Amino acid sequence: MNVGGEFAYTSPNQITYGPGSRQALPAALEEAGVERVLLLISNTLYEKTPHGKELEELIGSRRALTFSQPRQHVPREVVVEVARQARAASVDAIVSLGGGSVSDLGKAVGLAIAENITDSAAIDDYKVTFTSEGEVRPTTVAGTTVPHWTLPTTLSAAEFTSGFGITDAERGVKDGFSHTTLIPQRVILDSELTRSTPMDLWLSTGIRALDHCVEAWYSLAAQPFVTAACKDGLATLAKYLERTRSHPEDLDARTYCQIASWQGGFAITNAGVGVSHAIGHQIGARYGIPHGITSCVTLPAAMAYNNAVAGDVLDEIASIFGAPAGTSGADAVRSFVADFGLPTRLDQVGLGPENYDQIVADVSEDRAILWNPRPIDRDAVVEILEIARTQ
């Protein structure tokens with residue numbers, strides 16, 4: 001057996017973590033020399049918690065604009081409108097506070113500013129496409145991107161990746177985009193900011209982080225360095241995610257979960273994801289299902305499908321979760337999800353066989369299937385959906 005390969009380290013430049021670490025933001029902005037900051041924040045965080053006003057105070061006179069109306073799955077029209085406002089305000093940096101959709105909006109706005117995108121149709125020119133032979137045409141960015149700092153409040157890990165989705169509402173499809181210059185320059189993991197995150201959102205995005213670790217581990221592009229991150233990330237989530245539910249004020253447990261999210265985000269940026277994500281991207285965008293919830297439903301089914309070629313990995317995952325001997329990795333993860341009271345079946349999110357044709361068509365255009373360890377075609381997607389419906 002010959003061991004060898006290549007690895008390109010792709011990750012944010014700097015990650016600051018721990019309770020209270022948001023206090024590092026003013027010095028970071030000062031060091032970068034930015035003068036006109038766009039603050040992106042979810043409406044709930046801005047209106048119902050002190051975090052938005054506190055962050056505005058930390059940014060101080062550098063704040064040029066606050067946008068507090070992001071929408072789930074990043075609709076094209078929101079990207080174009082925020083970029084328009086940012087240009088008018090001469091923005092030279094972005095700070096985002098919130099979950100995955102807010103982080104992804106920051107990346108999407110960064111693309112629109114760099115490429116002077118002024119209408120929704122022009123976004124088509126930048127989406128990642130691929131051929132049936134697996135040839136990928138990535139997003140191209142010729143312009144200069146503005147720096148982006150993120151302060152996540154969930155475990156979705158969008159802040160660690162070069163990829164993001166923008167939803168075309170007319171088609172009901174989330175298109176993929178990816179470019180290394182759009183990775184946030186700095187991520188601040190402040191567990192104090194997560195205490196106001198609703199518990200079901202926190203837990204379901206924890207399953208999203210778990211999904212990242214599983215799919216990167218058995219990805220066709222997996223690397224030893226990635227595998228190590230995935231194993232530790234899964235072990236950390238297995239140990240601490242329940243702790244954050246039973247003891248929500250335990251900031252150390254929350255920080256450990258954020259670190260596991262970081263490990264999973266690093267892993268998928270460097271090794272890709274698989275069919276759980278491909279299905280999740282599309283049912284999320286078309287049917288309005290949060291991505292944390294999509295992972296709860298799609299991951300165990302995808303693992304069951306992939307067991308034929310990744311059985312050794314899935315057996316090790318079952319062991320990490322302390323499952324009894326003979327339990328499959330898919331069943332171990334399904335049980336872990338169900339113990340949180342989260343959905344694990346399609347009918348629990350309002351989907352059934354009547355949706356299969358549309359889901360299959362949407363998934364066929366999602367690049368995530370390229371790295372799945374077992375080939376994905378129409379029959380494979382239907383098989384996975386049937387597992388998600390019946391088990």
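Values for this structure:
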item	result
Alpha-carbon Debye profile of region 118-253, log10 I(q)/I(0) at 0.12, 0.15 Å⁻¹	-0.64, -0.95
In Hz, Karplus ³J(HN,Hα) per residue of region 234-248 (6.51, -1.76, 1.60; θ = phi - 60°; x = Gly, Pro)	5, 4, 5, 5, 4, 7, 10, 5, 4, 4, 5, 7, 6, 9, x
Base-10 log of normalised Debye intensity for region 13-127 (one unit scatterer per alpha-carbon) at q = 0.13, 0.15, 0.20, 0.24 Å⁻¹	-0.49, -0.66, -1.13, -1.47
Volume of the Cα convex hull of region 240-391, divided per residue and given in Å³	118 Å³
Cα convex hull volume per residue for region 1-73 (Å³)	183 Å³
Region 19-29 - phi-based ³J(HN,Hα) in whole Hz, Karplus 6.51/-1.76/1.60, Gly and Pro as x	x, x, 5, 4, 5, 6, 4, x, 5, 5, 5
Volume of the Cα convex hull of the chain, divided per residue and given in Å³	133 Å³
FRET efficiency estimate (nearest 0.05) - Cβ-Cβ, ASP347 to ASP377, R0 30 angstrom	0.75
Stokes-Einstein diffusion coefficient of region 70-117, Kirkwood radius over Cα pairs, 25 °C, 0.890 mPa s, in µm²/s	232 µm²/s
Peptides 348-355, 160-167, 384-391 ordered by average Cβ neighbours within 10 Å, highest first	160-167, 384-391, 348-355
Heavy atoms of TYR9: accessible area, 1.4 Å probe, square angstrom to 10	150 Å²
Calculated FRET efficiency for the pair ALA121/SER364, C-beta based, R₀ 25 Å, to 0.05	0.65
The chain: most fluctuating residue of GLU135, GLU57, GLU35 per GNM, C-alpha cutoff 10 Å	GLU135
Reachable lysines, given that their alpha-carbon falls under 26 Å from the alpha-carbon of LYS231 and they are not under 8 places away in the same chain	LYS239
Per residue, in Å², the accessible surface of the chain once ligands and nucleic acids are set aside, probe 1.4 Å	39 Å²
Under 5 Å, built H, 5+ apart or other chain: amide partners of LEU155	THR205, GLY206
Antiparallel content of DSSP bridges confined to the chain, in %, to 5	30 percent
J(HN,Hα) series, region 95-105, from Karplus relation 6.51 cos²θ - 1.76 cosθ + 1.60, nearest Hz, glycine and proline x	10, 10, 10, x, x, x, 5, 6, 4, 5, 4
Calculated P(r) of region 307-391 - Cα pairs past 14 Å, %	70 percent
Top of GLU30, GLU242, GLU365 by mean-square fluctuation, Gaussian network on the chain, Cα under 10 Å	GLU30
Helix-only CD estimate at 222 nm, as mean residue ellipticity for the chain, using -39500 (n - 2.57) per DSSP H run (n ≥ 4)	-15500 deg cm²/dmol
Cβ-placed point charges (K, R +1; D, E -1), dipole of the chain about Cα centre in debye, nearest 20	620 debye
Lysines whose Cα lies under 18 Å from that of LYS107, excluding same-chain neighbours fewer than 8 positions away	LYS127, LYS174
THR66 long-range amide H proximity, modeled H, under 5 Å	LEU39
Accessible surface of region 273-333, 1.4 Å probe, proportion on carbon and sulfur as whole %	50 percent
Fraction of the pair-distance distribution of region 205-316 above 18 Å, Cα-Cα pairs, percent	49 percent
Long-range amide H partners of HIS148 with built H, under 5 Å	ILE94, GLN185, ARG186
Region 127-169: Rg to Rh, with Rh as the Kirkwood radius over Cα pairs	1.04
Rg ratio (alpha-carbon, reference 2.2 N^0.38 Å) - region 156-203	1.48
Sorted peptide list for 214-222, 68-76, 114-122, 290-298, criterion being average Cβ within 10 angstrom, highest first	290-298, 214-222, 68-76, 114-122
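The values are calculated or read from the model by the stated rules, or taken from the named source; none is laboratory data. Since this is a predicted model, take the numbers as computed values, not measurements. Glycine also receives a Cβ, built like all others from the backbone with ideal geometry; neighbour counts cover every protein chain displayed. For the accessible areas, the whole protein counts, side chains as well, though only heavy atoms, and no ligand, DNA or RNA atoms are used. Shrake-Rupley method; radii C 1.70, N 1.55, O 1.52, S 1.80 Å.
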